[in-house]
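> Questions regarding the structure given below will be posed in turn.
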Amino acid sequence: MTAPQIEIQLIAAVVAIACAIPGVFLVLRKMALISDAISHSILPGVVIGFFLTHDLNSPWLILLAAVTGVITVVLVEAIQKTGLVKEDTAIGLVFPALFSIGVILIAKNANDVHLDVDAVLLGELAFAPFDRLIMSGLDLGPKSLWVMGCVLLITLTLLILFFKELKVSTFDAGLSSALGISPVIMHYGLMSISSVTVVGAFDAVGAILVVALMIAPAATAYLITSNLKKLLVLSILFGVFSALAGYWMAHLLDASISGSMTTVLGVVFLLVYLFAPRKGLIAVMYRQRQQRTEVSLLTFLLHLNNHQEENERHINHLNEHINWQKVRSKTVVDLALKNNMILIDNNVVSLTEKGKEFTELALEYIITNKDENIEPMKEDFFLFRG
Amino acid sequence: MEKIAIQVDDLTVAYNYKPVLWDIDLVIPEGVLMAIVGPNGAGKSTLIKSILDIIDPIAGSVAIYGKPYKQQRKLVAYVPQKGSVDWDFPTTALDVVMMGTYGSLGWIKRPGQKEKKASLEALEKVGMLSFKNRQISQLSGGQQQRVFLARALVQNASIYFMDEPFQGVDATTEIAIINILKELRKAGKTVVVVHHDLQTVPEYFDWVTFLNVKKIATGPVKDIFNDDNLTKTYGINYKVAINK
């Protein structure tokens, strides 16, 4: 690996971490779309900041652009508060308006500004190592690494300091307010951090793809864990993995880095969506199939429980009595045998003690819907896991 | 004379210039278990939220033991409507209860062993100790409500506000909750509950406020819980409605 390659990957990883952290809270607050709005509407802020500073990595530019991001949120909320339009409509009204101002500003001044719409939308990580931070003749590395490093440091510090405040105001704004932890302050704090992060990451990955770096890792991690701290850690891991894998994919294909990163993010989400242990598609389908079988088993046991007469319990007539096809009947009988719930004597099926006990417990659960009765059975049967 | 826990003066609240609470005067003495009753849209939740400074009123004032709410936060515990939060939030029952301690901790400081111990005790009080590590979406409606109640208990307050704690809970949980509320009253606490089931008011509560945008009446259940006030509040001849 060459030095610029390492630098690009470092920047990518730092950007991914810095985006993943606010992204988790945006996803939990159902505000994913707001990040999209911010990433576009900061454009006029970036352009004006660039006129003033002539440096895409200047802290002033970042602050100015971040203010535009917060203004977006304020405008969206103001429009929404009129009660005339809903939030999604308000978002749809605000960000194209601000973005278009930015586009016009760029077009009007295109001759003297090294800033074009393509770079703004897609970013260009490959150029990041060329813009270096040099202090008294000493080369300290790429500027954007320093910028994003600072953003990440601020984000991490705030996250650690205000973790409990973020948690309670996200989960229960009413309680948070009553406790004196103002949800309004937390809301605007999160919006400010998101704006700063978006602006900082903007140069590296562009306005469109920064949204993917914020939302996709959190959405992916949410499929795996139900613990907020793990959610944060997993989001960071998914983000960094996708950023690095994306870089190498771009390297192999000789394609856009940001495009490849986002593709990897999408693929990772898809894989987790399919294979996640509890919420994944395959796990859900498997569980539903098991539940179907178990419902059949229960029906079968109830039938045995209800009928003393032997002809109702004859193995060869069961299909007719319960109105099932042969395959299903066989699966169910096998399952019941395996669990020692039935005995087959002379082709006549009868419940064992265990079978009777199980049937009664299950019946009680169905009637009372009370969890306590079946707590020990949950481990063995999907049916009772809700 | 008995102490006044909550005093509300000339409180008016409006959403988009439409008043939802109109010139409310209300005095709640210390140590009562009070129901706020009224039809849908009567402003019951809004009344609680404006007392707790969650909603800004356009006029009027609120005093908790003679001082503004902001100075008295630690004396007050609040149980919002169960439906007001997202139960898919990635956290456990114990963690939700611990949130009750955040108010006394203040900003930045983290809960420690002391807070954890208090939270476990609160969970035990509501019969939910064995569910402490359960993901909250895996709890039934009644269990979620108990967790919310535990979160209020851990605040160890003097005044408890509860917004429809009996909504969507089974009979066992309802009895468990009301018993805890009665215990709180016995311990000299003041409990204010937004309540829907008029049949149970005389059995559960000793004080009642009738509300329908305006305050209709407030006082001891045995004196004012009558057909006259019910009719005034619900706008129909209540006796007839019940007999149907």
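> In terms of the Cα gyration tensor, with a ≥ b ≥ c the square roots of its eigenvalues, is the range B:54-122 rounded because a/c is under 1.5, prolate because a/b exceeds b/c, or oblate?
Taking the square roots of the gyration eigenvalues as a ≥ b ≥ c, the range B:54-122 is oblate.
> Could you name the aspartates and glutamates whose alpha carbon sits less than 14 Å from that of B:Lys214, not counting residues in the same chain fewer than 8 places away?
B:Asp9, B:Asp10, B:Asp23, B:Asp25
> For the range B:83-117 and the range A:132-173, what is the separation of their C-alpha centers, rounded to whole Å?
Their Cα centres are 26 Å away from one another.
> Hey, what angle do you get for helix A:228-253 against the long axis of chain A, alpha-carbon based, 0 to 90 degrees rounded to 10?
Taking Cα atoms only, the helix is inclined about 70 degrees.
> Related question: Please identify, among A:Asp203, A:Asp334, A:Asp116, the residue showing maximal mean-square fluctuation in a Gaussian network model of chain A using a 10 angstrom Cα cutoff.
A:Asp334
> While we're looking at this one, here's another question. Taking a 27 Å limit on the Cα-Cα distance, which of the listed pairs A:Lys164/B:Lys18; B:Lys67/B:Lys116; A:Lys81/A:Lys167 fall beyond it?
A:Lys164/B:Lys18; B:Lys67/B:Lys116
> For helix A:326-338, report the angle its Cα long axis makes with the longest principal axis of the Cα atoms of chain A; keep it between 0 and 90° and round to the nearest 10°.
Value to nearest ten degrees: 90.
> Tell me which aspartates and glutamates have Cα within less than 20 Å of B:Lys114's Cα, excluding those fewer than 8 residues away on the same chain?
Filter leaves A:Glu165, B:Asp95, B:Glu124.
> In a GNM of chain A with a 10 Å cut-off on Cα contacts, which of A:Phe163, A:Phe130, A:Phe358 has the highest mean-square fluctuation?
A:Phe358
> Now for a separate question. According to the square roots a ≥ b ≥ c of the eigenvalues of the Cα gyration tensor, what is the shape class of the range A:244-346, taking rounded for a/c under 1.5, prolate for a/b larger than b/c otherwise, and oblate for the remainder?
prolate
> Does the protein assembly as shown come out rounded, prolate or oblate by the C-alpha gyration tensor, with a ≥ b ≥ c the root eigenvalues, rounded set by a/c under 1.5 and, if not, prolate when a/b is larger than b/c and oblate if not?
It is oblate, given that a/c is not under 1.5 and a/b is not larger than b/c.
> Excluding residues on the same chain fewer than 8 positions from A:Lys326, give the lysines whose Cα lies under 22 Å from its Cα.
Here the lysines satisfying the reach criterion relative to A:Lys326 are A:Lys338.
> Also: In terms of modelled amide H atoms, which long-range or inter-chain residues lie less than 5 Å from the amide H of B:Thr12?
B:Asp23, B:Ile24, B:Ile58, B:Ala59, B:Gly60
> Are any of the pairs A:Lys143/A:Lys279; B:Lys132/B:Lys182; B:Lys117/B:Lys189; A:Lys230/B:Lys82 more than 30 Å apart by Cα-Cα distance, and if so, which?
A:Lys143/A:Lys279
> Calculated from DSSP H runs of 4 or more alone, at -39500 (n - 2.57) each and per residue, what is the 222 nm mean residue ellipticity of the protein assembly as shown, nearest 500?
-18500 deg cm²/dmol
> Cα axis of helix B:113-125 to longest principal axis of chain B: angle in degrees, 0 to 90, nearest 10?
60 degrees
> Over the protein assembly as shown, what is the percentage of antiparallel beta bridges among all DSSP beta bridges, to the nearest 5?
65 percent
> So which residue, out of A:Val349, A:Val284, A:Val14, gets the largest mean-square fluctuation from a GNM of chain A using Cα contacts under 10 Å as springs?
Evaluated over chain A, the most mobile residue of the options is A:Val349.
> Using a 1.4 Å probe, what is the accessible area per residue for the protein assembly as shown, in Å²?
48 Å²
The values are calculated or read from the model by the stated rules, or taken from the named source; none is laboratory data. Computed from a predicted structure; not experimentally measured. The accessibility values were calculated without ligands, DNA or RNA, using every heavy atom of the protein model including side chains. Shrake-Rupley method; radii C 1.70, N 1.55, O 1.52, S 1.80 Å.
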